[in-house]
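Student: Sharing a structure here in structure tokens format.
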Amino acid sequence: MSYVNLTDADLLLEFAKLLGDFDEPKAEELKEIAESKCRVALIEKGFDPIVAKIVETKKKNALDAAVVMSFAVAASAEREEKEKTVMAIKKALIKNEASIEPIHLLSMLTSLFNTLDEKSKGRYEIYMALAERAKKADVVDWMIGEDTPKRMEEFKKCWDLNASEMSRLLLRLLNLCQAAKNKNVFGELLMKYLESLHESGKETKENSKAMQDAKDWTRAAIIATFKAPFQMAHRMKTLLGLNVVKDLQATDKNLVDLLKMFVEEDFKGYLRFSESKECMEYMDKLGIDHQENLNHFRVFAACKLPLGIYAYEDIRKALEVTKEETVEEAVMLLVLSKKVDAKIDQAQGKIHLRHTAQREFRDDQWADLGEKLRKWKDGVKNVLSSLYKARQM
């Protein structure tokens with residue numbers, strides 16, 4: 001952005017208009033700025049405001065001059081005065097944004113953002129303004145990246161955002177994600193958004209409306225987990241406990257029930273569910289594939305089996321393989337999932353189950369792993385100690 005020569009004091013008139021209706025009190029306010037300690041910073045920038053001349057002329061490039069002058073004022077101010085000045089500039093810019101090029105406006109808002117201290121709450125307000133206007137300025141990709149979810153956690157801590165403020169911020173970014181067609185980031189931000197709605201509760205009309213509006217996104221979030229339930233075990237469990245998901249019971253009970261079956265790995269429950277014509281039609285309507293679900297539940301079932309050699313009939317029962325299917329086909333799908341390693345011995349009619357993955361580590365398993373690592377560490381110490389003693393002999 002190129003700025004005008006600030007030695008032209010007449011540009012203060014347009015600055016006064018930016019801040020509101022020009023009147024004598026506003027002129028006095030500008031005079032106070034000019035006569036304050038900030039005057040030194042303005043002079044250093046090559047601009048010595050003369051209030052007596054501000055009513056004489058109007059110029060189109062006054063906006064740039066006003067912003068630079070304002071930055072000079074803010075830069076030399078103390079923290080509280082700086083934030084107050086920056087937010088006044090932001091308010092003036094937003095009020096007059098119809099006459100400003102979108103990319104120009106975002107550039108100035110970004111400069112205001114960087115002027116404030118890192119932990120200033122004013123940064124939150126300016127970031128919200130940036131997010132709201134990024135699409136119009138065609139800079140969505142600049143605001144949305146793979147690191148955005150991580151940055152949101154940093155912002156929450158740095159700006160001390162409550163759940164309601166966080167949900168408003170995430171909602172803005174979700175709309176940008178849709179514009180950017182970034183599905184990975186959208187999925188992560190959506191989970192954070194739903195969790196923030198859960199944290200803020202239902203005590204306000206605003207939050208209740210947000211939860212109502214989020215229903216379509218909630219359905220989408222649940223359905224997306226069905227594609228990879230093994231990897232999304234934690235996300236599914238988190239979703240099941242959210243208020244916004246519980247609220248779906250009234251309109252989408254089948255979807256919530258299905259989510260619960262996946263969380264609990266309830267294979268028998270799913271088979272009963274899929275026997276219902278109503279439930280099958282419901283899944284078909286939402287684009288949920290029954291055969292994919294069946295394969296996922298078979299993976300869950302196989303991963304619970306002890307490693308070893310099994311007869312075809314045992315595998316048929318464990319995986320609920322129907323007469324229309326073959327055991328070999330079912331086992332091949334297990335292997336293709338990369339969660340099960342099995343060898344088919346057709347001559348003997350046996351299945352050798354060699355390795356299975358674990359969907360989620362429980363607390364007792366982490367504790368057991370920690371104990372094994374401790375013993376391994378002690379063993380290494382003993383070996384090193386023995387080697388050291390042997391060298392001394």
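The values are calculated or read from the model by the stated rules, or taken from the named source; none is laboratory data. Here the structure is a predicted model, which is why all the values come from computation and not from measurement. We place every Cβ from the backbone using ideal geometry, glycine too, and count neighbours over all the protein chains shown. What goes into the accessible areas is simple: the full protein's heavy atoms, side chains included, and nothing from ligands, DNA or RNA. Shrake-Rupley method; radii C 1.70, N 1.55, O 1.52, S 1.80 Å.
Student: Name the residues in segment 313-333 that are touching a strand residue (DSSP E or B) at 6+ places or on another chain (Cβ under 7 Å) and over 23 Å from residue 275 (Cβ atoms), would you?
Tutor: Of everything in segment 313-333, those that are touching a strand residue (DSSP E or B) at 6+ places or on another chain (Cβ under 7 Å) and over 23 Å from residue 275 (Cβ atoms) turn out to be 328, 331.
Student: What pairs can you find where one residue is in segment 168-179 and under 15 Å from residue 196 (Cβ atoms), the other is among the charged types (D, E, K, R), and their Cβ atoms are less than 7 Å apart, with a gap of 6+ or different chains?
Tutor: Here the result reads 170/192; 172/132, each pair linking segment 168-179 to a residue that is among the charged types (D, E, K, R).
Student: With of a type in the set (D, E, K, R) and in a strand (DSSP E or B) as the only criterion, which of 317, 285, 343, 338 stands out? Full working, then the answer.
Tutor: On the way: 317 fails: in a strand (DSSP E or B); 285 fails: in a strand (DSSP E or B); 338 fails: in a strand (DSSP E or B).
Among 317, 285, 343, 338, only 343 is of a type in the set (D, E, K, R) and in a strand (DSSP E or B).
Residues checked against (1) touching a residue at least 24 places away in the same chain (Cβ under 8 Å); (2) in contact with an Asp or Glu (Cβ under 9 Å, 6 or more places away or on another chain); (3) of a type in the set (A, V, I, L, M); (4) farther than 26 Å from residue 341 by Cα:
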position: 233; (1), (2), (3), (4): yes, yes, yes, no
position: 246; (1), (2), (3), (4): no, no, no, yes
position: 250; (1), (2), (3), (4): no, no, yes, yes
position: 259; (1), (2), (3), (4): yes, no, yes, yes
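Student: Check 125, 44 and return the single one that is open to solvent by 60 Å² or more (accessible area, probe 1.4 Å) and modelled with pLDDT of 60 or more. Break it down into steps so the answer makes sense when it comes.
Tutor: Numbers: 44 fails: modelled with pLDDT of 60 or more.
Residue meeting the stated conditions: 125.
Student: Quickly run through segment 103-113 and pick out the residues that are open to solvent by 10 Å² or more (accessible area, probe 1.4 Å), modelled with pLDDT of 85 or more and not β-branched (Val, Ile, Thr).
Tutor: Across segment 103-113, the qualifying residue is only 113.
Student: Still on this structure, please answer the following. Do you know which of the residues in segment 152-176 that are basic (Lys, Arg) and more than 20 Å from residue 107 (Cβ to Cβ) is most open to solvent (accessible area, probe 1.4 Å)?
Tutor: Quick first cut of segment 152-176, residues basic (Lys, Arg) only: 156-157, 168, 172.
Of the ones still in play, those that are also more than 20 Å from residue 107 (Cβ to Cβ) are 156-157, 168.
Details: 156: 57, 157: 177, 168: 87 Å².
Selected residue: 157.
Student: Could you please find all residues in segment 180-192 being assigned to a helix (DSSP H, G or I) and either surrounded by fewer than 18 Cβ atoms within 10 Å (Cβ to Cβ) or touching a residue at least 24 places away in the same chain (Cβ under 8 Å) (or both)?
Tutor: Scanning segment 180-192 gives 180, 183, 184, 185, 187, 188, 189, 190, 191, 192.
Student: Separate question: Inside segment 290-322, can you point out the residues that are under 23 Å from residue 216 (Cα atoms) and without any contact (Cβ under 8 Å) to a residue 40 or more places away in the chain? Walk me through it before giving the result.
Tutor: Within segment 290-322, the subset under 23 Å from residue 216 (Cα atoms) is 290, 292-293.
Selection gives 290 alone.
Student: Return the total of residues in segment 135-151 being farther than 21 Å from residue 106 by Cβ and in a helix (DSSP H, G or I). Outline the logic, then answer.
Tutor: The first filter runs over segment 135-151 and keeps only residues farther than 21 Å from residue 106 by Cβ, leaving 146, 149-150.
In the following step, the residues that additionally are in a helix (DSSP H, G or I) were identified as 149-150.
Residues flagged as farther than 21 Å from residue 106 by Cβ and in a helix (DSSP H, G or I) within segment 135-151 amount to 2.
Student: Assess whether residue 196 counts as being modelled with pLDDT of 75 or more and either under 14 Å from residue 124 (Cβ atoms) or out of contact with any Cys (no Cβ under 9 Å at 6 or more places or on another chain) (or both).
Tutor: Here the answer is yes, as residue 196 does meet what is asked.
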